[in-house]
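The values are calculated or read from the model by the stated rules, or taken from the named source; none is laboratory data. All figures in this text were calculated on a predicted structure; none of them were measured in a lab. When we count neighbours, we look across all protein chains shown, and the Cβ atoms used for this are built from the backbone with ideal geometry, even at glycine. With ligands, DNA and RNA removed, areas are computed over all heavy atoms of the protein, side chains included. Shrake-Rupley method; radii C 1.70, N 1.55, O 1.52, S 1.80 Å.
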Amino acid sequence: MPTRRKFMAALAGTGAALATSATFTRAQSGRKRLIVDAQIHLWKAESEDWKWVPGIRPQLPEPFTIERALALMDEAGVDRALIVPPSWPGDRNDYAIEAAKRHPDRFAVMGRISLQKPESAELLPKWRVAPGMLGLRLTFLGPASKWLEDGTADWCWHAAEKAGLPVMFLAPGRRAEMARVAERHPQLALIVDHMGMSLSVEAVRAGNFQATIDDTLSLARYPNVSVKVSGATNYSKEPYPHRDINPHIKRVFEAFGPQRCYWGTDLTNGFDKATYRQRIAHFTEALDFLSEDDKDWVMGRAILARLGWT
């Protein structure tokens, strides 16, 4: 059985290899920082063969297609993006996989899976066969939050750990349950979404971030847990440069460090609150506690290392 020390050594080795590759070589001048968005959603228009879940509305009234995402990424200078398939088409990954297949140098996928079907465990050993598929993304909101208590999700932690698949998760208010998962599955790479925040939480909607951030910081003691400092624009109650949320980003960064923090936008959630360029500048220009080397990690190098995205 691999030890935590071996797990962290493997991650460090991957990170070191990436850091010394030509892609990340620090030029004397004119160096371009690699920018990787750790979360975007893509979806096409509803159709007979791509039905949406009744009662769930998409984040924007119009589709957010592969072509639209690429145009915005090119305009803003975003090199790559991780696609998290949205909830309204159900547990479907096909459009995200299509994006990764058509543009393997730009997109990869953290796929959805049905936790209520333990037979889904049989899919995980071959999960990475699909183009661009790097891991899983699980959401525990509303009634699904009980799945962390009643055993519904238990099979997935074991199966993902055995298959070596990283798991991104959104589970606000479930610090204790996720701490147990991190403790029981030390070889499972767990990634907290959005610093643990969700607009489904009343305090977060009101701009009161302290309790949620405290919960997330309590997970920093586990070396297999890292965090997406993503969607900050969407949660802030202030316009760019979002000064109300910046002290909380600093706390997360200080707890987890540059190699366990990943910038991301969740762009379509709060789409009109800031431009793509502003969401980048928020981290590269407005957060004075980040060094240039820190920014290199947070803006792209760290997530590539954690997921093994080459």
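Over every Cα atom in region 60-218, the radius of gyration and the widest Cα-Cα span, Dmax, amount to 16.4, 46 Å.
Where the accessible area of region 213-310 is counted over protein heavy atoms with a 1.4 Å probe, how much of it, in %, is carbon and sulfur? Show your work: numbers first, answer last.
On the way: 1580 of 3460 Å².
The nonpolar share, carbon plus sulfur, comes to 46 percent.
Computed in the context of the full set of protein chains, the accessible area of region 71-132 at 1.4 Å probe radius has 52% of its extent on carbon or sulfur. Spatially, region 98-112 and region 215-237 are offset by 24 Å when compared through their Cα centroids.
Surface exposure of the chain, expressed per residue as accessible area with a 1.4 Å probe, stands at 45 Å². Measuring between their Cα centroids, region 190-214 and region 152-185 lie 19 Å from each other.
Once the convex hull of all Cα atoms in region 156-310 is built, its volume per residue stands at 109 Å³. The relative contact order of region 30-102 comes to 47 percent, based on Cα pairs under 8 Å that sit 6 or more residues apart.
Quickly estimate the mean residue ellipticity at 222 nm for the chain, helices only: each DSSP H run with n ≥ 4 gives -39500 (n - 2.57), and the total goes over all residues, rounded to 500.
-9500 deg cm²/dmol
Taking 29 Å as the limit for the C-alpha separation, the pairs Lys146/Lys295; Lys51/Lys101; Lys32/Lys273 exceed it in the case of Lys146/Lys295. Taking every protein chain into account, the 1.4 Å probe leaves Trp297 with about 20 Å² of accessible area, to the nearest ten. For the chain, the Cβ-based charge dipole about the Cα centre amounts to some 720 debye (Lys, Arg positive; Asp, Glu negative; other atoms uncharged).
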